[in-house]
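Computed from the coordinates by the stated procedures, all read-outs in this text should not be read as laboratory data. Just so it is clear, the model here is predicted, and its values are computed rather than measured. Neighbour counts are summed over all protein chains in view; Cβ atoms, including those assigned to glycine, are modelled from backbone coordinates with ideal geometry.
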Amino acid sequence: MADKIHLKMTVNGQPVETLAEPRELLIHVLRERLDITGPHIGCETTHCGACTVDLDGKSVKSCTVFAAQADGAEITTVEGIGSPDKLHVLQEMFREHHGLQCGFCTPGMITRAWRLLQENPTPSEEEIRFGMAGNLCRCTGYQNIVKAIMAAATEMNAAKEAAE
């Protein structure tokens, strides 16, 4: 068995340290060592996006990122986007517009949509569909997911304008 490596990273705004094997994947470190269970293990081949996290300002599929690659990184999962007591507007819009059914893909969808709206605060429907193409859902047919993201963009932009 290989020696474990010491990792330091910031996860959902909190500094964390853990040990991991050099071959260990980020999804397993998040779920099994740090007890962050929002990102799900789906296909383990980057096809489904259930494991999507934000790593240093980019959406990544954590099932194909070695944990060692995240040493020193800032990671945001769905748990860091909102809380049960105060949902992020994106989470609220997924609920309001029925952008989820079984919920398995939802954490990855919300995390990817969160980054998408930071990159493009006013996306068209086509831009949303293209930007979310790496996240699969077997239940919803995507229309309500797109509606939820568009509604969140509208709300977020209105809040930003009101604050200015």
When the helix-only estimate is applied to the chain (DSSP H runs of n ≥ 4, each -39,500 (n - 2.57), divided by the residue count), what is the mean residue ellipticity at 222 nm, nearest 500 deg cm²/dmol?
-9500 deg cm²/dmol
Mind listing P(r) for region 5-80? All alpha-carbon pairs, 10 Å bins, whole percents.
22, 61, 17
Nearest-20 debye value, region 47-146 charge dipole, Cβ charges on Lys, Arg, Asp, Glu:
300
Rounded to whole Å and sorted largest first, what semi-axes of the equivalent ellipsoid does the C-alpha gyration tensor of region 12-164 yield via the square root of 5 times each eigenvalue?
26, 17, 13
Quick one: helix 143-163 against the long Cα principal axis of the chain, what's the angle to the nearest 10°, folded into 0 to 90?
80
Using only Cα atoms and rounding to the nearest 10 degrees, what angle (0 to 90) does helix 106-119 make with the longest principal axis of the chain?
70
Please work out how much length the chain gains when fully extended from residue 130 to residue 6, using 0.36 nm per residue of separation minus the C-alpha to C-alpha distance, in nm with one decimal.
40.9 nm
So the label point goes 7 Å from the Cα of residue 95 along Cα→C-beta, right? Which residues of region 139-155 then have their backbone N under 20 Å from it?
140, 144-155
Per-residue ³J(HN,Hα) for region 126-139, Karplus 6.51 cos²θ - 1.76 cosθ + 1.60, θ = phi - 60°, Hz, x for Gly and Pro:
4, 5, 5, 4, 5, x, 9, 4, x, 10, 9, 10, 9, 10
